[in-house]
1. Taking only segment 7-49 into account, find how many residues are of a type in the set (Gly, Ala, Ser) and at negative phi.
2. Going residue by residue through segment 37-58, is there one that turns out to be open to solvent by 50 Å² or more (accessible area, probe 1.4 Å), in contact with a Phe, Trp or Tyr (Cβ under 9 Å, 6 or more places away or on another chain) and part of a strand (DSSP E or B)?
3. Considering only residues of segment 83-101 that are farther than 14 Å from VAL52 by Cα and of a type in the set (A, V, I, L, M), which is nearest to the chain's Cα centre (by Cα)?
4. Restricting to segment 76-104, name every residue that is over 19 Å from VAL6 (Cβ atoms), surrounded by 13 or more Cβ atoms within 10 Å (Cβ to Cβ) and of a type in the set (A, V, I, L, M).
Amino acid sequence: MHPFAVGSVVERLRTAGGGYEVVHESAGLELGVYVLVAPEPDRQQPHEDDEVYVVLDGTGVLEVDGASINLKEGDAVFVEAGAEHRFTAYEQLAVLVIFERAPR
């Protein structure tokens, strides 16, 4: 068992102006908290692994390979490995990031 307090991580990252923190890592899985605070842009690059974003707080738009989806608290979206993607149109956005780590 590995408990972690997502809420406190969100608050810590929000206070710091945003960022990413891994809250769990094991074979095949990484869980992280990603907080974006405007006007800082989302600078992420395509990832080598499939991922799921679950919106914990806030609203925004996720652009994936030219398509856009509006997101709000409680929404989730799957992003395939290698896809160009980034969040836009947010003031403050906090997401739980779930990476399926493929064996390398």
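1. So the first thing to find is which residues in segment 7-49 are of a type in the set (Gly, Ala, Ser), and the list is 7-8, 16-19, 26-28, 32, 38.
Within this subset, residues satisfying the condition of being at negative phi are 7-8, 16, 26-27, 32, 38.
Going through segment 7-49 one residue at a time, the tally reaches 7.
2. no
3. The qualifying residue nearest to the chain's Cα centre (by Cα) is LEU93.
4. VAL79, ALA81, ALA83, ALA89
The values are calculated or read from the model by the stated rules, or taken from the named source; none is laboratory data. Worth saying up front: this structure is predicted, and the values here are computed from it rather than measured. Neighbour counts are summed over all protein chains in view; Cβ atoms, including those assigned to glycine, are modelled from backbone coordinates with ideal geometry. Only protein heavy atoms, including side chains, enter the accessible area calculation; ligands, DNA and RNA are left aside. Shrake-Rupley method; radii C 1.70, N 1.55, O 1.52, S 1.80 Å.
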